[in-house]
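Please treat every number below as a calculation from the coordinates, not as lab data. Please read these numbers as outputs of a predicted model, since none were measured by experiment. Backbone-built Cβ (ideal geometry, glycine too); neighbour counts: all protein chains shown.
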């Protein structure tokens, strides 16, 4: 990929599982991230989606070494950071920052906004033109906050304003990469629109790249150019945004798409949602073969024994599935290129009989949320 900002190769993050008692011992490993690979170019946004517990946030934290990866490569602007020490990571953090999910806990309640936004310059020993105070006021103005409120504390701001403070802190040193860990999931819908518009404006102005972690497909379709779908620590499908929403191949992606609400109530009422059976398997003891086969509505014997590898079915569109869905779902029959017609067993998890239509009926134009406003 030209102008590559981030490259993740076979990233694995395992956490020890210890027994209870006075003398706990390690009895297993929780495989939070298990062999994830992707690339991110300059001024590009990659959306990383999946249900809670699939390893999205752990992936983002491992990239910035907030948790230590077990193995794999993480290359940021040509530097492999997977083995760097804390001291060696400091200059890298000037080029890679993070926006956290919870704006209430991401800010130090004992510091003023001015002190919070001045900390990147102080820690990295950067002297901006015009001084730190001037840079802080410019940051506040850039993200839609009143510079006169520089001496206020975080509790004096609303949730949307606090997230703007977090964004201002992340862009203070003009990084090339920002990990956005569900930055709008804790906000109201109208505020989400404003934050997404702000992130797009900052990307246009500064050329920053985003790894945008989310579980809301409507949000991801709004901001991302490419989308990767995660399930139980694995990337099961990756494609350009419009290609993924128009032609999803993995059964799990189809299930996620079917949960996206459609603006037309008539269409919404006629749609049949794919409800996956069972619970998400434990990463302590993941299933053999395909990790999704325990909940898949087209699983075959091969899926239970053989792990599928990511394969390219179209330019830039890869999927890890033995029987990818290439035709519209109808009457419980799925068309697969490797197996002809595949009819799932009745009573199997996620079994359905009606057609799923209009899977990607979410707009992609810029969200119209009005002016940011002082009290938002």
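Computed packing ranks the peptides 149-161, 92-104 as 92-104, 149-161, most packed first, by mean other Cβ atoms within 10 Å. By the count of neighbouring beta-carbon atoms within 10 Å, fewest first, 257, 269 end up ordered 269, 257. The helix-based estimate of mean residue ellipticity at 222 nm for the chain, built from -39,500 (n - 2.57) per DSSP H run of four or more residues and divided by its residue count, is -7500 deg cm²/dmol to the nearest 500. Taking every DSSP bridge with both residues inside the chain, close to 65 percent are antiparallel. Within the stretch 21-51, list the residues whose amide N lies under 16 Å from a label point set 7 Å along Cα→Cβ of residue 216. Within reach of a label on residue 216, which here means backbone N under 16 Å from a point 7 Å along Cα→Cβ, the stretch 21-51 contributes 47-51. Answer rounded, prolate or oblate for the chain, using the Cα gyration tensor with square roots of eigenvalues a ≥ b ≥ c: rounded when a/c is under 1.5, else prolate when a/b is larger than b/c, else oblate. Since a/c reaches 1.5 and a/b is larger than b/c, the shape of the chain is classed as prolate.
Note on residue 108 and residue 124: their simple-model spin labels are 1.7 nm apart, each label 7 Å out from Cα toward Cβ.
From the Cα gyration tensor of the stretch 190-252, with a ≥ b ≥ c the square roots of its eigenvalues, which class applies: rounded if a/c is under 1.5, or else prolate if a/b is larger than b/c, or else oblate? Prolate, because a/c is 1.5 or more and a/b exceeds b/c.
Could you tell me whether the stretch 129-216 comes out rounded, prolate or oblate from its Cα gyration tensor? Rule is a ≥ b ≥ c as square roots of the eigenvalues, rounded for a/c under 1.5, then prolate if a/b exceeds b/c, otherwise oblate.
Note, shape of the stretch 129-216 comes out oblate.
Taking the number of Cβ atoms within 10 Å of each Cβ as an exposure proxy, the fewest-first ranking of 71, 37 is 71, 37.
The stretch between residue 206 and residue 302, if pulled fully straight at 0.36 nm per residue, gains 29.8 nm over its current Cα-Cα span.
For the pair residue 174 and residue 20, label points projected 7 Å from Cα toward Cβ lie 5.5 nm apart.
Legend: ranking of residues 48, 198 from fewest to most surrounding C-beta atoms inside 10 Å; resulting order 198, 48.
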